[in-house]
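Working notes, structure below.
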Amino acid sequence: MTRQRGDVVVETRDLCMHFGGVRAVDQVDFTLFDRELRCLIGPNGAGKSTFFKCLTGQLRPTSGEVLIRGQEMTGAEPFEVASLGVGIKTQVPNVFDGLTAEENIWLSARRWHGDARARALTAETIERLKLGDIRRMLVGRLAHGQRQWVELGMVVAAEPWLVLLDEPAAGMTHEETFRTAELIEEINKTSALIVVEHDMQFIRMISRTVTLFHEGRILMQDTMEAISADKRAREVYLGHRA
Amino acid sequence: MNSGILRQMRPTFVYALLGIIFMFAAPQVLQLFTIINLTTAIALAVLALSLALIWGYGGILCFGQVAFFGLGAYAYTISAINFGGSTWAILMAVMITSAFAAALGYFIFFGRVSDVYLGVITLTVTLIFFSLIRRTSGPEYKIGNALLGGFNGVSSPPINLPWNPTSFLFPEQVFYVAMAALILCYVFAGWLVNTKFGRVCQAIRENELRAELLGYDTRLYKLGIFTIGAGIAAIGGVLFCNGVGRITPDVFNLYNAALTIIWVIVGGRGTLIGPIGATFALFYLTSALGGQSVLNNNLVLGIILIFFVLLVPKGVAPTIIDWVNARRKKAPGRVRRRRGSRGEGAQ
Ligand SMILES: Nc1ncnc2c1ncn2[C@@H]1O[C@H](COP(=O)(O)OP(=O)(O)O)[C@@H](O)[C@H]1O
Ligand SMILES: [Mg+2]
């Protein structure tokens, strides 16, 4: 299937995820186009991560549908979503602590390629993300920001066409955050992205269109400037933060 | 990584070579009684190896590895009695046990049973075998020509030369077979953990969700290593009933289930040679303790377990490896440059 800019790659229809009485995600209709870079923002508990987990198969939605490139993926297993060529980074760092940085990244590339190509891709990724110094170190021994980078390396090494990142810059230093923004721009040259973020500065660095979540629903969807100017948006979110 | 799987298996080959030397030297120096005893220890070492594989590398804490060991022994014995020869019986033992493990594992892994319940389920299965087979003393409990014999068990026909049911092996020859089987299983496991399959299993052990998010169907990998581990345990079971000469339901008791875990804890998870060594060491310790009455056997085992859990939590082999690596780092002049990935290979 050839891809064109403008194809819908992610779509949710009337997506709901309820935990008992808590409507963490409530009737969300969401559309992402190919090569788009979309930021999801919203106050803590707005339902961003829950929405993210419904997309990635970590949660089975209470109702509604998730379509990825037109394919019905509601309630699919995470490996099925990933097997479509989707790169995923969760909010809580998920890495292989007992393995080296290199092995972590190799495991990602090896999912798609034979050993030789996987090793070449691993070396490329390590170079690209400047992980050379830590490649032989056990990931469990690395600092938080470095672990995040190893996880980003795993995402990149799979050469995904769709990338989903939940708070990629959380816990990073200023410098690391800046480099993450650069990396995201670079990934966006070949892939569509959804980036959940808290850090307003970070969002200003990368954003095109921003979707604002509030109490499980999409409150607004616009440019960062427009959202910053909106009174309602400021009340639920920007007021307490930026 | 796969870079030069043979180079990564170098320690495996070194230990295998030591094993081969031992295999040929031992009957020259040791008495027959000791050799027969050793055969039993070797069988138990194969069992330890199987748990080292699925727990140490697959992250699956199976409390009932001994169920596969015992099932293999019973399947061998009953098949050998019925077939009148050991050749097909050995194959049957491995296949029946693997099929049973695959079915059990299918419900556990595809049902997404949590780790704790996996332990409970596998232990329960073991104890069910224990109490079921104990109740089979009557003449009505027969499979083909083989009486199950309840708590007295069944006597196991010895291994014969392939396709030649009348030429039984002598105890010394059974020792060679057992040792060769242990070495082959060890090299096979050492190879397996260095393949892509083995690497993914280790990744799942480290973080199952991450492995899934990379696109690996973790249920299949876990089922795979669980089934392979059960097959290896069955080989141990075949050797065990050959060494002892019979198989009784006691193989399924709680003591043996716990002992298997102790071997792996003492030897160290994440290595294969550690649990094998620990099995031999503890086997001879318990034999030595059996000859005296001052210290209670279980008490000593309990103290060893507590000692290791508290003071050497990684087990003997990983602790030694860490220590050697640390010393290498301290002497930079003598560091050998190592290409490819370090660590994690089979030791
Ligand atoms: N597994 C869960 N069980 C019950 N409630 C949950 C669960 N996960 C999230 N929630 C609730 O859903 C709401 C949205 O949470 P989350 O999606 O993590 O928000 P965000 O990522 O936007 O900070 C919160 O009220 C949270 O407490
Ligand atoms: Mg969140």
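Odds and ends about this structure:
- In the range A:85-110, comparing the full protein assembly with the chain on its own, the residues that lose 50 Å² or more of accessible surface at a 1.4 Å probe are A:N94, A:F96, A:L99, A:E103, A:W106, A:L107, A:R110.
- Integer Hz, Karplus 6.51/-1.76/1.60 couplings in order for the range A:211-218, x for Gly and Pro: 10, 9, 8, 8, 6, x, 10, 7
- Between 0 and 90°, nearest 10: helix B:254-267 axis offset from chain B longest Cα axis: 30 degrees
- Near the amide H of A:L37, within less than 5 Å, lie the amide hydrogens of A:L193, A:T209, all on another chain or at least 5 residues away, with H placed in the peptide plane.
- The mean count of C-beta atoms from other chains within 10 Å of the C-beta of residues in B:200-210, rounded to a whole number, is 6.
- Using alpha-carbon coordinates, inclination of helix B:218-244 to the longest axis of chain B, degrees: 50 degrees
- Degrees, to the nearest 10: A:174-187 long Cα axis against longest axis of chain A: 90 degrees
- Heavy atoms of B:T77: accessible area, 1.4 Å probe, square angstrom to 10: 0 Å²
- Accessible surface ranking that places the most exposed of A:D166, A:D29 first, with a 1.4 angstrom probe: A:D29, A:D166
- A simple rule links phi to the HN-Hα coupling: the Karplus curve 6.51 cos²θ - 1.76 cosθ + 1.60 with θ = phi - 60°, which for the range A:16-27 gives 10, 9, 10, 10, x, x, 7, 8, 5, 10, 9, 6 Hz, with x for Gly and Pro.
- Euclidean distance of C-alpha centroids, the range B:75-141 and the range B:252-285, integer Å: 21 Å
- Net charge of Cβ neighbours under 12 Å - reference A:R217; Lys, Arg +1; Asp, Glu -1: -2
- Between the range A:209-226 and the range B:1-59, the alpha-carbon centres lie 62 Å apart.
- 5 angstrom amide H check on A:R217, placed H, neighbours 5+ away: A:D26
- By definition, a body whose alpha carbon gyration tensor gives a ≥ b ≥ c is oblate when a/c is 1.5 or more and a/b is not larger than b/c, and the range B:3-263 fits this oblate description.
- Near A:E167, the amide H atoms lying under 5 Å from its own belong to A:V196, A:E197; only residues 5 or more places off or on other chains count, and H is placed 1.01 Å from N.
- Candidate aspartates and glutamates for bridging to A:K48, where Cα separation is under 13 Å - those fewer than 8 sequence places away on the same chain excluded: A:D26, A:D166, A:E167, A:E197, A:E215
- Derived scalar couplings between HN and Hα for the range A:226-237 equal 4, 5, 4, 7, 7, 5, 4, 4, 4, 4, 6, 9 Hz in order, rounded to whole Hz, by the Karplus curve 6.51 cos²θ - 1.76 cosθ + 1.60 (θ = phi - 60°), x for Gly and Pro.
- Accessible surface for the range B:3-263, divided over its residues, is 40 Å² per residue with a 1.4 Å probe.
- In terms of its alpha-carbon gyration tensor, the protein assembly as shown comes out prolate; a/c meets the 1.5 threshold, and the first ratio a/b outweighs b/c.
- Sorting B:279-291, B:254-266, B:222-234 by average packing, meaning the other beta carbons within 10 Å per residue, from highest down gives B:222-234, B:254-266, B:279-291.
- Accessible surface of the range B:25-78, 1.4 Å probe, proportion on carbon and sulfur as whole %: 68 percent
- For chain A: rounded, prolate or oblate by the Cα gyration tensor [a/c cutoff 1.5]: prolate
- Within a straight-line Cα-Cα reach of under 16 Å, B:K196 can be paired with the following lysines, leaving aside sequence neighbours fewer than 8 residues apart in one chain: B:K222.
- Charge tally for A:H18 (other residues, Cβ to Cβ under 12 Å; Lys, Arg +1; Asp, Glu -1): +1.
- Chain pair A, B: total accessible area buried, heavy atoms, 1.4 Å probe, Å²: 2600 Å²
The values are calculated or read from the model by the stated rules, or taken from the named source; none is laboratory data. Note that this is a predicted model, so its numbers are computed, not measured. We place every Cβ from the backbone using ideal geometry, glycine too, and count neighbours over all the protein chains shown. When the accessible area is computed, the model is the full protein with side chains, heavy atoms only, and any ligands, DNA or RNA have been set aside. Shrake-Rupley method; radii C 1.70, N 1.55, O 1.52, S 1.80 Å.
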